[in-house]
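Step one of this worksheet: look at the structure below.
The values are calculated or read from the model by the stated rules, or taken from the named source; none is laboratory data. Note that this is a predicted model, so its numbers are computed, not measured. Note: ideal-geometry Cβ built from the backbone for every residue, glycine included; neighbour counts use all protein chains shown. Surface accessibility is based on the protein's heavy atoms, side chains included, excluding ligands, DNA and RNA. Shrake-Rupley method; radii C 1.70, N 1.55, O 1.52, S 1.80 Å.
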Amino acid sequence: MNFKGRDIVTIKDFKKEEIVKILDVAEEMLPIAHGKEKSNLLQGYIMASLFFEPSTRTRLSFEAAMKRLGGNVIGFAQPGTTSIQKGESLADTIRTAESYCDVIVIRHPKEGSARLAAEFAAVPIINGGDGAGRHPTQCLLDLFTIRREKGGIEGNKIALLGDLKYGRTVHSLAYALSLFKTEMVFIAPSELQMPKEVVEECRKNGAKLSIKNELDDVDGIDVLYVTRIQKERFPDPEEYEKVAGSYRIDMDILKNAKENMIIMHPLPRVNEISPAIDATKHAAYFRQTFNGVPVRMALLALILGVIE
Ligand code: NCD
């Protein structure tokens, strides 16, 4: 297994054993991620974080991961303050950033942008979300969360609920889960169902999956992964209005839930999970948010080649 210098554009870049390795390293990173142990593993290394789209968790946890390991961060969260505003191309922005750093994290509204950046850059590119495409590092932290909360990934029945069409986190997660022995249920209004391409990828990997339009019952579900409707990706606002508010997790739904069912969400949530759920033992989404730090620490350390 060799991670040094690799681009992370999609979760498909990894074999199952490599995913497991990253999660194992993330486990070892936990005391440092919590700030209980100090580390200088990435001292002298610089990560550029280039965010062309809004972000709270992905950007902050990447930066926290780098800094907890003694590394440095440069970058921008508002492309309007950079030469992009003057008409500079993505390729030139990438060529510039790479001359100042050792690794680049990029989030961009266009699908395929991370792949393009990887073609131009000699330093590793990590995709922090490309439009409605993929979000591989979110996927790794989602897997890490399932493993920690449920004691393992295999054997779980996992429901992915919400905007499966435009949600990039579920595209990556569905593929990754199909590498493990899990049962998946894709639940979305028909307008927002999982793209055929992702369903086919999963089936090709031998996934056991079913497709539904409504969450009528949570009976038997071990992990309920909820997503926001990606309003900003709808080409037509009227299409958004048709599906807005079409599902919501509230206390009622929990009546039939397994005792140890967990609810996950990549966040931000808008109104798809009632805040009353937060205080229940089912709510795992804030722990999931924290898990972004150890997982991204592991990934950065492996890609920069300071650990093997
Ligand atoms: C997600 C994203 O940006 O794709 N958030 C995240 O990275 N944690 C989900 C979303 O925006 O709904």
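When segment 276-298 is examined, which residues are found to be more than 13 Å from the chain's Cα centre (by Cα) and part of a helix (DSSP H, G or I)?
Residues of segment 276-298 more than 13 Å from the chain's Cα centre (by Cα): 276-284, 286-287, 294, 297-298.
Selection gives A276, I277, D278, A279, F286, R287, P294, M297, A298.
Looking only at segment 184-204, residues that are open to solvent by 20 Å² or more (accessible area, probe 1.4 Å) and of a type in the set (V, I, T) come to 0 in all.
Would you check if L179 is within 12 Å of the ligand (Cβ to nearest atom) and in contact (Cβ under 8 Å) with a residue 40 or more places away in the chain?
Values: within 12 Å of the ligand (Cβ to nearest atom): no; in contact (Cβ under 8 Å) with a residue 40 or more places away in the chain: yes.
When the stated conditions are applied, L179 does not pass them.
Restricted to segment 1-120, the set of helices (runs of 4 or more DSSP H) holding at least 3 residues that are surrounded by fewer than 16 Cβ atoms within 10 Å (Cβ to Cβ) and modelled with pLDDT under 95 is empty. Per the conditions (1) free of Cβ contacts under 8 Å to residues at least 40 places away in the same chain; (2) within 16 Å of the ligand (Cβ to nearest atom), the sole criterion not satisfied by A65 is (1).
Which of the residues that make up segment 133-169 are of a type in the set (D, E) and either more than 16 Å from the ligand (Cβ to nearest atom) or more than 8 Å from the chain's Cα centre (by Cα) (or both)? Explain how you work it out, then say what you get.
The initial filter retains those residues of segment 133-169 that are of a type in the set (D, E), namely 142, 149, 154, 163.
E149, E154, D163 - these are the residues of segment 133-169 that are of a type in the set (D, E) and either more than 16 Å from the ligand (Cβ to nearest atom) or more than 8 Å from the chain's Cα centre (by Cα) (or both).
Can you find a residue that is open to solvent by 60 Å² or more (accessible area, probe 1.4 Å), more than 15 Å from the ligand (Cβ to nearest atom) and assigned to a helix (DSSP H, G or I) anywhere in segment 205-223? No: segment 205-223 contains no residue that is open to solvent by 60 Å² or more (accessible area, probe 1.4 Å), more than 15 Å from the ligand (Cβ to nearest atom) and assigned to a helix (DSSP H, G or I). Of all residues in segment 287-303, those being among the basic types (K, R) and open to solvent by 10 Å² or more (accessible area, probe 1.4 Å) number 1.
Determine whether segment 267-276 contains at least one residue that is assigned by TED's automatic domain parsing to the domain that holds L192, closer than 18 Å to I146 by Cα and not hydroxyl-bearing (S, T, Y). Explain how you work it out, then say what you get.
Step one: of segment 267-276, the residues assigned by TED's automatic domain parsing to the domain that holds L192 are 267-276.
Checking which are closer than 18 Å to I146 by Cα leaves us with 267.
The next check asks that each one be not hydroxyl-bearing (S, T, Y); those that pass are 267.
Yes, that holds for at least one residue.
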